[in-house]
Amino acid sequence: GMDRFSLSRESMTMQRLALMQEVPNRAKRDAQIAGAQARVARESAALASQRLALRQELSQAWILAQAIEQRDELLAEMLTQNQRLQDTMAVRIAGGSAAAGDLLVARQEALALADRRDDLQRDRARARSALRRWVGTRATEQLQGAPGPLSRTVEQ
């Protein structure tokens with residue numbers, strides 16, 4: 001047509017393109033950076049809190065297992081003393097320093113101690129399984145030392 005080779009006669013021959021880029025202002029960028037740093041600090045605090053909670057639960061499981069072991073030692077000593085009492089009771093009854101009913105009381109006490117030992121064995125199994133949750137197969141090892149203070153710094 002007539003308008004060919006002309007750059008200005010037809011409206012479709014020349015077009016303008018414009019690019020626009022939004023640049024946030026400095027305050028907005030600083031606020032985004034501060035928000036991100038606050039989230040990082042919050043997550044670090046949450047991680048430290050979880051580590052302390054884990055140490056606390058592990059320490060409680062250790063303390064429970066240790067207390068049961070100590071009670072078992074005391075109960076074993078009580079059973080030994082009760083057996084000695086029963087062994088000497090026949091002589092004491094014959095000598096007149098004990099009544100015949102005392103032997104019966106000693107035997108009943110031995111049965112009560114045996115029941116307590118059964119309960120203690122059940123509690124030991126529970127405590128060791130709770131400890132196994134935290135330390136794995138090492139829960140079956142002999143307990144040594146102390147669980148340590150919870151206020152120690154948390155390792156990263």
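With +1 on each Lys and Arg Cβ and -1 on each Asp and Glu Cβ, and nothing else charged, work out how big the dipole of region 62-139 is about its Cα centre, in Debye to the nearest 20. Before the final figure, lay out each step's value.
Values: 13 positive and 11 negative charges, 100 e Å.
Approximately 480 debye in magnitude.
Tell me the GluC sites (Glu not before Pro) within region 63-147 that lie in a loop according to DSSP and have at most 10 other beta-carbon atoms within 10 Å. Kindly include the intermediate steps, with their values, before the conclusion.
Details: sites: Glu69, Glu73, Glu77, Glu109, Glu141; in loops: Glu141.
Counting only loop positions with at most 10 other Cβ atoms within 10 Å, the GluC sites (Glu not before Pro) in region 63-147 are Glu141.
Values quoted throughout were computed directly from the atomic coordinates according to the rules given, and no laboratory measurement underlies them. As the structure is a prediction and not an experimental result, all values here were calculated from the model. Note: ideal-geometry Cβ built from the backbone for every residue, glycine included; neighbour counts use all protein chains shown.
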